[in-house]
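Throughout, read-outs are computed from the coordinates displayed, never taken from laboratory work. What you see is a predicted model, and the numbers here were worked out from it, not measured in a lab. For neighbour counting, all protein chains shown are included, and Cβ atoms are generated from backbone atoms with ideal geometry for every residue, glycine included.
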Amino acid sequence: MATQPQNKASLGSRLVRQSWWLLLVPALLAAHLGLVSTLLAIGSDQEVTLDDNAYLQLANSLNFNNPEVDAALARFLRARALLKGQDEWQEDLQQALVHWQAAQEERPLWPYYHVGALDVEYLLGSPAEVLQARINTLMTLAPNERGIDRNTLEIVILSWHKLTPDQQTWAVNRIASSNHNTRKYLYDFAVKNNLRNTLCTRLPWNQVKRLCR
């Protein structure tokens, strides 16, 4: 009868010896997340050149749940595409779009990833239905998120003739309800892109009378 407690003690000792490494899992996970975050921060601060961003690439290879890694790679690829110029930017922009979509899968309700994707889709010369679908997503996803206004409405102005009438009305209302500085900036941007008359006739006159005379 004395052997039963001894066997139990022996078994418990073996289990402790065999599973001690489980105690290290939280520490290893924290170290991994810290390394990815450090690489992301360093990579995001690097000057964009025609070379690959080694820090962001390494962060991406180690990443498994941080959408900001994909977002940072998308921004880098978009910036590098602009350096290359329109004749050579197709591949980088396509890859940037892939990373924006990956970020959306990780964090589907974050509208800024959709704004980034919309920007790339515009640069790629995407057809009207692609831009319309993305704008519809933003209209539904972020009806009250004013932080996306400037970037989103810039692309809307550039893509004006590809939008549906409802989307154009939404954009005008969004501009009308924005703060004065944003509205003035977007008006100037619209003038540069041949939409002065559109905004002057569709925005409330008390908002644009000084700008449209």
Give me a count of the residues in region 176-213 that are of a type outside the set (D, E, K, R) and within 24 Å of SER126 (Cα to Cα). 8
Filter region 49-98 for residues that are polar (S, T, N, Q), surrounded by fewer than 18 Cβ atoms within 10 Å (Cβ to Cβ) and either touching a strand residue (DSSP E or B) at 6+ places or on another chain (Cβ under 7 Å) or more than 24 Å from VAL130 (Cα to Cα) (or both) and give the result. THR49, GLN57, SER61, ASN65
Kindly evaluate ARG75 against the criterion of being touching a helix residue (DSSP H, G or I) at 6+ places or on another chain (Cβ under 8 Å), part of a helix (DSSP H, G or I), of a type outside the set (Gly, Ala, Ser) and free of Cβ contacts under 8 Å to residues at least 24 places away in the same chain. no
